[in-house]
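The values are calculated or read from the model by the stated rules, or taken from the named source; none is laboratory data. Computed from a predicted model, the values in this text were never measured in an experiment. Counting neighbours? That spans all protein chains shown, and the Cβs are built from the backbone with ideal geometry, glycine included. Heads up: the accessible areas ignore ligands, DNA and RNA and are worked out on the full protein's heavy atoms, side chains in. Shrake-Rupley method; radii C 1.70, N 1.55, O 1.52, S 1.80 Å.
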Amino acid sequence: MHNEKTMAKHVLVLNGPNLNMLGKREPGIYGAQTLADVEAICRAAGDEFGLSIDFRQSNHEGELVTWIQEALGTADGILINPGAYSHTSVAIYDAFKAVSLPVAEVHISNIHQREAFRHHSYVSAVAFGVICGFGTLGYRLALEAMAQKLA
Ligand code: CA2
């Protein structure tokens, strides 16, 4: 966390289950870019918008909850693509409620164009904004919005 106006704001970028598979399977839905490519997009956006980026992925709900809890006092905001936990996890919702940091939610695919079970996200209720369907560009757009939010 940075209180000085001149210091870069610190954003924790979290990716949920199976996002480590990006670029390796289902390119029709998620595109050809890998998670390493997404990290590079976030680091470039961080440089452009004056944010320092901590980029992580986990397949484990509890690990994501722990990272959200630890963000209290260490991060200024959280960008999350919660993956399938978007649609199931009250635990992640509760963690965000507990830390009350600004949250931006990103989905690579348009979840509203897909199966009905993907149409609801618990995280959306605690996010200041939600982006879906713009592919990996959504991460960059969300970081621009986060920079404005934290300015
Ligand atoms: O569109 C998104 O970003 C999602 O959060 C991706 C999740 C899905 O459960 C959400 O409904 C929408 C799944 C990520 C799985 O990514 C894969 C990538 C390549 C191959 C297999 C899975």
Which one is least open to solvent (accessible area, probe 1.4 Å) among residues in the stretch 23-46 that are of a type in the set (D, E, K, R) and closer than 25 Å to Q113 by Cβ? D37
Report yes if some residue within the stretch 37-51 is within 13 Å of the ligand (Cβ to nearest atom), of a type in the set (A, V, I, L, M) and under 19 Å from A104 (Cβ atoms); otherwise report no. yes
Under 15 Å from the mean Cα position of the chain (by Cα) and assigned to a helix (DSSP H, G or I): which single residue out of A104, A95, A91 fits that description? A95
Could you check the stretch 92-113 and list, in sequence order, the residues that are β-branched (V, I, T) and either open to solvent by 80 Å² or more (accessible area, probe 1.4 Å) or touching a Phe, Trp or Tyr at 6+ places or on another chain (Cβ under 7 Å) (or both)? I92, V103, V106, I108
When the residues of the stretch 58-91 are narrowed to those that are open to solvent by 60 Å² or more (accessible area, probe 1.4 Å) and hydrophobic (A, V, I, L, M, F, W, C), which ends up farthest from L19 (Cα to Cα)? L72
Hey, can you tell me all the residues within the stretch 1-12 that are of a type in the set (A, V, I, L, M, F, W, C) and either in a loop (DSSP other than H, G, I, E, B) or modelled with pLDDT under 95 (or both)? M1, M7, A8
Kindly evaluate P17 against the criterion of being at pLDDT below 95 and either farther than 16 Å from G138 by Cβ or open to solvent by 30 Å² or more (accessible area, probe 1.4 Å) (or both). no
Would you be able to tell me the number of residues in the stretch 127-151 that are assigned to a helix (DSSP H, G or I), hydrophobic (A, V, I, L, M, F, W, C) and either under 16 Å from I29 (Cβ atoms) or open to solvent by 30 Å² or more (accessible area, probe 1.4 Å) (or both)? 3
Could you please give the count of residues in the stretch 25-51 that are closer than 18 Å to V11 by Cβ and of a type in the set (V, I, T)? 2
Which condition does E144 not pass, out of (1) within 13 Å of the ligand (Cβ to nearest atom); (2) closer than 26 Å to T74 by Cα; (3) acidic (D, E), if it passes all the others? (1)
S100 passes all but one of the listed conditions (1) modelled with pLDDT of 95 or more; (2) on the phi > 0 side of the Ramachandran plot; (3) of a type outside the set (K, R); the exception is number (1)
